[in-house]
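A short write-up of the structure that comes next.
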Amino acid sequence: MRLHISYNRFPLRFAALAILLLLPALLAAANSPLSLPQDSDGWTVFTPSSDTRIMYVSSSQGNDSTGQVYNRNDVSDPFNPGNVNAFRTFDAAFNHARSGRPDWVLLRRGDEFSANMTLKNGRGPTEFSLIGAYGSSGDMPLVIPSSGGAVSIPNGLEYVAVVGLDFYARSRDPDSPHFEGTSGRSGFWGTTNRVIQHILIEGSRFRFFSGNGLVTYDSGQMRDVVIRRTLILNNYSGGSGHSQGMFISGADGILLEENVFDHNGWYATASGSPGPATMYNHNTYFEDSHNVTFRGNVFLRPSSMQNKFTANQGTGSSTNITLENNLYVDGEIGIGIGGNNFGRRRFADVSIRNNVFTEIGRSRPTERNLGWGVELVEWDGGVVRNNYFLHYSNPQTTHIYAMLLEGEKRNVTVESNVVYNLNPHGNSSGGRGILVNSSRATSSSSSSNVVIRDNLVHEPENSIRLFELGDSSYSGPLELYDNQYHSGNEGSAFRINRSTLSFNDWREATSDQSDFVVPSHPDPTRSIETYMQHLGETATIDAFISSARQLSRFNWDTRFTANEVNRWITAGFATASGAPSPDEPEAPTGIHVIE
């Protein structure tokens, strides 16, 4: 139920009551880059303005000759309007939408449409143009791009929302009877040398495209872009080109919240076809971007990395990056904040906290043997806090670690993380819990104020190097204390500059004021499989992935969201301080870029 209030239609004495009723939504909008309220289920609420045009589209019931343009007084609920004179095609309806006005085009749920959408501007912070869905039942409207891309984001776009639509490049789906080949078609895509801002994509799905992305160049700017509760699935490159679930270059204010990314950058393994996996394709790839927040997303089965960040323009070319309360399942690398070009302090003010990484290296689509959690390269200020690296179970994934710190860095804190059971199969004799290294990056000689404390690194069944320093010079800039380490190889669980050390020798060499002790976890068996068992569902990772892929604007089951999974899994593990889950993951509260 939506409450629509117009003060020119209601007596003034009802204004106070209206404000009280809308107060929760208004408070949610107060901290948002988008000045739009949300309902009690966390979905954005849209209210037509006095001059909003509403065009309905139904491929099964509409007629372009008799389609009617409505306003807000013509229908009591614009999303459930009852019998209306709909247009049959999107283009015919969209021709009546005006740029710079809060006009809406709504597609009927359960219908299928052939369309390529080029968006038009809305009018202001609370008056978005909207392409969405109407109807009280049925699946999301299915949109099949007739050629080219599905959604084009033109220069200077602002105040636009796309909500509740299923975009499907079925001609690129090898399992579809409509498969035609792998020629590229983008899902949503835009390049700009102007300002694009205040854009919302919510509750939608993009499947089997060559990629999705936004790129700025010259003096272009990208601000206040929000993508939430959207599924990005099975995007792949058909040839030698790169393909990302989402590629962003030059953002200055973007939020990814409660999305599901799965199986992006590849269709087949490296030795298969079409769309073979490569090390260059990822679920997300962000280049030279600022004020970026990922919150509450589920990241599954990329070609290579779950999240890749680069900073190719030198010092400070990627800043204010926050990744919190996300769930990472599979992928040969969880988060890489570094790489490509190297240089001093390219990443500033990075926060990675309250995330769960599990089964890293499970699928191996590139056929490499990597299982890397978080890669931190050349940071200038940052924290990695309260993350969980758990259960890397693929016996072919032998090159493993939870966290890697490389190159020159300062004011970086790694604290209260849990590393558990990275080598259950015993095949990774060279695995590491924490690795601090100078290879592939600038020298560590200028690093300062790097603190690693209160972490729990525990290998319960076999041996790994719990902590390794690739260069003895790192012992100067590092402060190590209050960590807890344990494995079955106390005499050889540490290494400095390729020399294996016992725990006592390690402490003497590094002044690490930590302990080698068996931790006590409440329930360390907690995993995706046991979570599914807890729900009474099929107790497999594949069953979880299948359920997460079914989420939609009209079928949002919170049991398969990062917030619920992370809360349950982390409660099974202690930290170095002895308490489970030191920072309880916050429930999703809406659209926020800056806390």
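I'd like the residue in segment 287-300 that is free of Cβ contacts under 8 Å to residues at least 40 places away in the same chain and in a strand (DSSP E or B) and, out of all such residues, is farthest from Pro395 (Cα to Cα).
Among them, the one singled out is His290.
Check Asn411, Asn437 and return the single one that is under 30 Å from the mean Cα position of the chain (by Cα) and at pLDDT 95 or above.
Residue meeting the stated conditions: Asn411.
Are any residues in segment 357-384 touching a helix residue (DSSP H, G or I) at 6+ places or on another chain (Cβ under 7 Å) and surrounded by fewer than 24 Cβ atoms within 10 Å (Cβ to Cβ), and if so, which ones?
Glu359
One residue is enough: does segment 267-275 have a residue meeting the conditions in a strand (DSSP E or B) and under 23 Å from Phe179 (Cβ atoms)? It would help to see each step written out before you state the result.
Just the residues of segment 267-275 that are in a strand (DSSP E or B), to begin with: 268.
Still in the running and under 23 Å from Phe179 (Cβ atoms): 268.
Within segment 267-275, one or more residues are in a strand (DSSP E or B) and under 23 Å from Phe179 (Cβ atoms).
Is at least one residue of segment 241-256 of a type in the set (D, E, K, R) and either touching a Cys at 6+ places or on another chain (Cβ under 9 Å) or not in a strand (DSSP E or B) (or both)?
As a first pass, look at segment 241-256 and keep what is of a type in the set (D, E, K, R): 252.
Among the residues that remain, those that are also either touching a Cys at 6+ places or on another chain (Cβ under 9 Å) or not in a strand (DSSP E or B) (or both) are: none.
No - not one qualifying residue is present in segment 241-256.
So, of the residues in segment 349-368 that are of a type outside the set (D, E, K, R) and part of a loop (DSSP other than H, G, I, E, B), which turns out to be nearest to the chain's Cα centre (by Cα)? Full working, then the answer.
The initial filter retains those residues of segment 349-368 that are of a type outside the set (D, E, K, R), namely 350-352, 354-358, 360-361, 363, 365-366.
Still in the list and also part of a loop (DSSP other than H, G, I, E, B): 354-355, 360-361, 363, 365-366.
Numbers: Asn354: 14, Asn355: 11, Ile360: 16, Gly361: 18, Ser363: 19, Pro365: 20, Thr366: 21 Å.
Per the criteria, the residue is Asn355.
Within segment 218-246, track down each residue that is at positive phi and modelled with pLDDT of 95 or more.
Asp224, Arg229, Asn234
Among the residues of segment 395-438, write down those that are in a loop (DSSP other than H, G, I, E, B) and of a type in the set (Lys, Arg).
Lys409
Suppose we keep only residues that are in a loop (DSSP other than H, G, I, E, B) and closer than 15 Å to Ala161 by Cβ within segment 68-98. Which one would you say is nearest to the chain's Cα centre (by Cα)?
Here is the first cut: in segment 68-98, the residues in a loop (DSSP other than H, G, I, E, B) are 68, 71-86, 88-89, 95-98.
Keeping just the survivors that are closer than 15 Å to Ala161 by Cβ gives 78-79, 97.
Values: Pro78: 31, Phe79: 29, Ala97: 32 Å.
For segment 68-98, the residue satisfying everything is Phe79.
Are any residues in segment 207-243 basic (Lys, Arg) and touching a Leu at 6+ places or on another chain (Cβ under 8 Å), and if so, which ones?
Answer for segment 207-243, where residues must be basic (Lys, Arg) and touching a Leu at 6+ places or on another chain (Cβ under 8 Å): Arg207, Arg228, Arg229.
Out of all the residues in segment 301-348, which are in contact with a Ser or Thr (Cβ under 8 Å, 6 or more places away or on another chain), of a type in the set (Ser, Thr, Tyr) and in a loop (DSSP other than H, G, I, E, B)?
Ser303, Ser304, listed by residue number.
Pick from segment 265-289 the residues that are crowded, with 24+ Cβ neighbours inside 10 Å and more than 26 Å from Gln221 (Cβ to Cβ): which of them is farthest from the chain's Cα centre (by Cα)?
So, considering only residues that are crowded, with 24+ Cβ neighbours inside 10 Å and more than 26 Å from Gln221 (Cβ to Cβ), the one farthest from the chain's Cα centre (by Cα) is Gly275.
The values are calculated or read from the model by the stated rules, or taken from the named source; none is laboratory data. Owing to the predicted nature of the structure, the values given are computational and were not obtained by experimental measurement. With ideal geometry, Cβ positions are generated from the backbone for all residues, glycine too; neighbour counts draw on all protein chains shown.
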